[in-house]
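What follows is a set of notes on a single structure, which appears directly below.
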Amino acid sequence: MNRIYCIFRKWAGLICWLISAYSVHAQYTTPNYEFRGVWVASVENIDWPKSRKLSVEEQKASFIALLDMHQRNGMNAIIMQVRPSGDALYPSKLEPWSEYLTGMQGLAPDPLYDPLSFMIAETHKRGMEFHAWLNPYRAVFNILKSSIAPNHPTKTHPEWFVTYGDKKYFNPGLPEVRKHTVAIIKDLISRYDLDAIHMDDYFYPYRISGKEFPDEKTYQQFGKGLTKDAWRRSNCDSIILNLHDAIRQVNPQVKFGISPFGVWRNKSQDPMGSNTRAGQTNYDDLYADILLWLQKGWIDYVVPQLYWERGHELADYSTLLKWWNDYSYGKNVYVGHGFYRAGSNTAWKNPNELPAQIRELRGYPSTQGSVYFSSKSFETNPNGWSDSLKNNYYRYPALVPPMPWIDDSSPDQPRIEKKGAGQFQVTYTGTENIRGLALLILPPGKEVKFMNARLIKVFPQQNQVNLQLNQFPETQGNRAFMVTIDRGNNVSPLTELK
């Protein structure tokens, strides 16, 4: 019996050692740079505000709760829909208050406050980026039900719009529409501390069977000898270039990202296309030539909506993941995951589907993170995925990947002052506009480089931190370092705590 017990203890000890070794290995292979974002939809009150009847205090409390949930799950960015339908979740002289905020379009919150300023401040307080999500062309979500204010553009400039299905759209072929959209973006980035401007897949709308988008008159006026398809694509190209130029002119530190439908073109339509059989595509149906925008450098990141599972018959996740990585043209690729699909079919009832997608994307050099649709899906912890992110894949923090074509500078190192055994005061005294300070660990003997270290803790919006290393068990047996993080998520050289 004693011999059996000893053998058991020996094997149990070995198993524990292997688990420990694996944990340490996993800890160091989790990226220090990884985009971890979530879409927060305001249209139809999908995510926030949850209702059009919330008081101002209830709106604030629910947004704080939303942020706290995503912070616990390891997110580092919020993509907030601030212009769902030619309206605004912020005070604007160009478009009316959104009906999703107060129940009636044009009606301001009472008591008056600026929801966007509030949301940005609370997001930054938690060390997360705030990306302002706008729909470029949707103007009225439902022509039969939507509330329309007297100062909505459909009332003040009815000639700018077309009706298609049950919605009204800005006519993408009109120069006046492009000017208005550019003015919206300029206003936003000049007044608010935004990290990025973000647009989703609604350029020309998805086709309605048997109905043609009603822009023939505009095409006859502005087509200039192009086919209608080429002309429509040129309209989308023009607005993206116009917005890129406006952002660089007003605030060149603001990033510009697009989240397209997951298929650019099928291989049957184009040799460069993906080995898929999508019914509609960006290029042929939405008239969004995403590859051109990446190639020309008009956008800084792309979030293809890969809402399909691995092995999907028409649009396989793994096939599309590799395709977008191969056609990134040096820009950042973040994968859009269908978190909302949990339990929708056999594949999405599998608790390993999402973790497997994350593991797979981490194997590609240009694919640097994930965005999840949408926020409310996290509230029920479907398939245990929130726990999986919090306790495993996002257990340690990560910084949003930097973009050297925007900013490749490095902030000064922090100043370290030892206060006692394992106690330090860390101070940043430079003039750089910083995002905060961060603690990292490195095994003895490893080359002192940020990418060799493990990010343990980020201290957002702080230029002074009082540290007690015994509060961080991971530092035991490892060397500890601090870095400064600037607004572009560039880091300083490592400064050791010793």
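Taken together, the values in this text are just the output of simple stated rules run on the coordinates, not laboratory data. Small disclaimer: the values here were computed from a predicted structure and weren't measured. Backbone-built Cβ (ideal geometry, glycine too); neighbour counts: all protein chains shown.
Numbers below:
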read-out	value
Considering only the chain, percent of DSSP beta bridges that pair antiparallel, nearest 5	50 percent
Fewest-first ranking of His131, His198, His152, His244, using other Cβ atoms within 10 Å as the exposure measure	His244, His152, His198, His131
Highest-first arrangement of 371-383, 441-453, where packing means the average Cβ count within 10 Å	371-383, 441-453
For the chain: relative contact order, % (alpha-carbon pairs under 8 angstrom, 6 or more apart)	14 percent
Cβ-based exposure ranking for Lys179, Lys211, in which fewest neighbours within 10 Å come first	Lys211, Lys179
Ellipticity estimate at 222 nm from DSSP helix runs (n ≥ 4, -39,500 (n - 2.57)) divided over the chain, nearest 500	-8500 deg cm²/dmol
Distance cut-off 19 Å, percentage of C-alpha pairs in region 96-238 lying past it	60 percent
Principal-axis tilt of helix 175-191 within the chain, Cα atoms, nearest 10 degrees	30 degrees
Partners for Lys53 among lysines (Cα-Cα distance below 19 Å; same-chain residues under 8 apart left out)	Lys145, Lys376
Ordering of 315-321, 255-261 by packing [mean C-beta count within 10 Å, highest first]	255-261, 315-321
Between 0 and 90°, nearest 10: helix 228-250 axis offset from the chain longest Cα axis	50 degrees
